[in-house]
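Enquirer: Quick one: the structure is below, questions incoming.
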Amino acid sequence: MVEYKLPKLGVASSNLVARSISSPVSSVPVTVAEHGNGLFARFCFLFGENMAKRAGKRKAKAGKRVAPRQSDLETLKRQRTFADSVTRLADPLCTAEGMELVHVEYQREPGGLTLRLYLDKPGGVTLDDCVDISRQLDDMLDVHTQDAPPYRLEVSSPGLDRPVGKLKDFIRFKGHRAKIRIAGAVNGRKNFTGVLAGVVDQMIQIQVDNETVNLNINDITRARLINYNGER
């Protein structure tokens, strides 16, 4: 059974999550929309796995850093290499469509490998924006990246927990609260929550309580703003 929940759009105080999903066992699109509390709408377009295309250090200054396992480093390197290749394809496409490519993720999740792109534009992206980029990018990936294992393609707006991945974005969002996860522990920790405090070379500074922790951007596996409200 295909269920549609389509609330009215344009309600400024609603946090709407919309996904258009192609079922792994059928090409019938399934659209789900949910309301919640918040300031922003998040729109998301996904291709089911059956439609997914195949694609082909510095020490931290604050405290002792424990290196991640070699297998973790190799996995992270492969994921970043593929994400970078997708970024090179998607960035000009998004720019031509008047949108910003915020971040690209490629990682294994409970549902399998997921390639996720986050988009933004003045006034916010719409579900139609996500669908349009998904369809265009899917064709490009089919041509340019043919050797990767099956994955699910997802295109989404950033939402309240906006991803931060580019060096310029860590500078841009200085003063914002963020959560950062790294591959190798610093002071026995891999997860940090605090205020972004700037960038020195390739080191991301985050103020945690009364301490400034320096994290190598190449060690960061995930970084998200906390309750991002659209401020630049």
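Okay, residues lined up against (1) within 26 Å of residue 77 (Cβ to Cβ); (2) modelled with pLDDT of 90 or more; (3) not in a loop (DSSP other than H, G, I, E, B):
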residue	(1), (2), (3)
105	yes, yes, yes
108	yes, no, yes
115	yes, yes, yes
133	no, yes, yes
139	no, no, yes
143	yes, no, yes
147	yes, no, no
154	yes, yes, yes
159	no, no, no
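Enquirer: So, residue 175, is that one part of a loop (DSSP other than H, G, I, E, B) and under 11 Å from residue 103 (Cβ atoms) or not? Talk me through it step by step, then tell me what you get.
Expert: Values: part of a loop (DSSP other than H, G, I, E, B): yes; under 11 Å from residue 103 (Cβ atoms): no.
Criteria not met by residue 175.
Enquirer: To continue, here is another question. Can you say whether residue 182 is touching an Asp or Glu at 6+ places or on another chain (Cβ under 7 Å) and either in a loop (DSSP other than H, G, I, E, B) or modelled with pLDDT of 90 or more (or both), as far as the supplied structure shows? Break it down into steps so the answer makes sense when it comes.
Expert: Working: touching an Asp or Glu at 6+ places or on another chain (Cβ under 7 Å): yes; either in a loop (DSSP other than H, G, I, E, B) or modelled with pLDDT of 90 or more (or both): yes.
The answer is yes for residue 182.
Enquirer: Being crowded, with 18+ Cβ neighbours inside 10 Å, under 20 Å from the mean Cα position of the chain (by Cα) and at positive phi: is that true of residue 159 here?
Expert: Working: crowded, with 18+ Cβ neighbours inside 10 Å: yes; under 20 Å from the mean Cα position of the chain (by Cα): yes; at positive phi: yes.
In short, yes.
Enquirer: Ok, one more. Please indicate, with yes or no, whether at least one residue in region 219-230 is modelled with pLDDT under 95, of a type outside the set (Val, Ile, Thr) and farther than 30 Å from residue 129 by Cα.
Expert: The answer is yes; a qualifying residue exists.
Enquirer: Taking the residues in region 132-155 that are among the β-branched types (Val, Ile, Thr) and surrounded by 19 or more Cβ atoms within 10 Å (Cβ to Cβ) as candidates, determine which candidate is farthest from the chain's Cα centre (by Cα). Reasoning before the result, please.
Expert: Start the filter on region 132-155 by keeping residues that are among the β-branched types (Val, Ile, Thr), which leaves 133, 143, 145, 155.
Cutting the leftovers down to surrounded by 19 or more Cβ atoms within 10 Å (Cβ to Cβ) gives us 133, 155.
Details: 133: 15, 155: 9 Å.
The extreme case among them is 133.
Enquirer: Looking at 65, 80, 69, 58, which is the one that is surrounded by 15 or more Cβ atoms within 10 Å (Cβ to Cβ), modelled with pLDDT under 90, outside the structural domain of residue 207 (by TED's automatic domain parsing) and farther than 23 Å from residue 225 by Cα? Before the answer, list the steps.
Expert: Details: 80 fails: farther than 23 Å from residue 225 by Cα; 69 fails: surrounded by 15 or more Cβ atoms within 10 Å (Cβ to Cβ); 58 fails: surrounded by 15 or more Cβ atoms within 10 Å (Cβ to Cβ).
The conditions single out 65.
The values are calculated or read from the model by the stated rules, or taken from the named source; none is laboratory data. Being a predicted model, the structure only gives us computed values, none of them experimental. Cβ: placed from backbone, ideal geometry, glycine included. Neighbour counts: every protein chain shown.
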